[in-house]
Amino acid sequence: MTPRLKERYLTEIAPRLREQFKFKNVMEAPKLEKIVVNMGVGDATQDQRMLENALAELSIIAGQKGCIRKARRSISNFKLRAGAQIGCMVTLRGDRMYEFMDRLFNIAIPRVRDFRGISPRGFDKFGNFTLGLREQTIFPEINIDKVTKVRGMNVTFVIKNSRSSDESRELLRQLGMPFSN
């Protein structure tokens, strides 16, 4: 069974983007390639259980097992050594990516307190969009009673075939991302 957003992209959104931006080829339309969810765990240098809890929560949220990330270099001010485990991430592609995006846009983000829309300033020069979330408890899969510490996370939408941030913004807007005006 194909996810709802994937089917909508193929039947409605891609033809509309081709028409709006006057693409000559079908393959020129911007397309979502992957979603990367990253959670930093700075406390993991003192307590390894914090990293394990964060990895378990991230795996529940994404529906896929995450991997542990290590520090690339030492920073003495943060008491950080190269090779220390300091975060976790998961890369979503295909059907899982569209299902996660659907849950994020329609269930999780509206649960944010005093939500007035997502700032459209998170685009980089390649057309990718990064969204910062302040807490993992906005996802209904997470049991609030079992959360040891509230952590934030970054969600990056990697968009393929995007020549500008305008094309990427329009793709995400039509997929259902609630941008603020």
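The values are calculated or read from the model by the stated rules, or taken from the named source; none is laboratory data. Model, not experiment: these values are computed from the prediction. Note that each Cβ is placed from the backbone with ideal geometry, even for glycine, and that neighbours are counted across all protein chains shown.
Quick notes on this structure:
- Selection of first residues in the stretch 83-105 that are farther than 21 Å from Ile118 by Cβ and among the β-branched types (Val, Ile, Thr) and of second residues that are at pLDDT below 95 and surrounded by fewer than 19 Cβ atoms within 10 Å (Cβ to Cβ), restricted to Cβ pairs under 8 Å at least 6 apart or on distinct chains, gives the following pairs, ordered by first then second residue: Ile86/Gly40; Ile86/Gly42; Ile86/Thr45; Ile86/Arg69; Ile86/Lys70; Ile86/Ala71; Ile86/Leu80.
- Picking from residues in the stretch 68-92 that are touching a Ser or Thr at 6+ places or on another chain (Cβ under 8 Å) and modelled with pLDDT of 90 or more, the one that is surrounded by the fewest Cβ atoms within 10 Å (Cβ to Cβ) is Ala82.
- Leading residue by the ranking (farthest from Lys146 (Cα to Cα)) among those in the stretch 3-61 that are at pLDDT 90 or above and of a type in the set (Val, Ile, Thr): Thr11
- Taken over the stretch 1-17, the criterion of being crowded, with 17+ Cβ neighbours inside 10 Å and in a helix (DSSP H, G or I) is satisfied by Leu5, Lys6, Arg8, Tyr9, Ile13, Ala14, Leu17.
- Taking every residue in the stretch 150-161 that is farther than 14 Å from Lys31 by Cα and pairing it with any residue that is among the basic types (Lys, Arg) and surrounded by fewer than 19 Cβ atoms within 10 Å (Cβ to Cβ), at least 6 positions away or on another chain, the pairs with Cβ-Cβ distances below 6 Å are Gly152/Arg134.
- Residue satisfying all of: in the stretch 140-155; crowded, with 19+ Cβ neighbours inside 10 Å and either assigned to a strand (DSSP E or B) or under 13 Å from the mean Cα position of the chain (by Cα) (or both); modelled with the highest pLDDT among these: Val155
- Of the listed requirements (1) buried (at least 17 other Cβ atoms within 10 Å of the Cβ); (2) closer than 28 Å to Phe126 by Cα, Glu57 misses just one: (2).
- Output for the stretch 130-148, where each listed residue is among the hydrophobic types (A, V, I, L, M, F, W, C) and either touching a residue at least 12 places away in the same chain (Cβ under 8 Å) or within 25 Å of Ile159 (Cα to Cα) (or both): Leu131, Leu133, Ile138, Phe139, Ile142, Val147
- Candidates Arg96, Arg69, filtered to the one that is under 15 Å from the mean Cα position of the chain (by Cα), over 22 Å from Arg16 (Cβ atoms), basic (Lys, Arg) and not in a loop (DSSP other than H, G, I, E, B): Arg96
- Sole residue being of a type outside the set (Gly, Ala, Ser), within 30 Å of Ser74 (Cα to Cα) and surrounded by fewer than 19 Cβ atoms within 10 Å (Cβ to Cβ), chosen from Asp124, Asp95, Asp114, Asp102: Asp124
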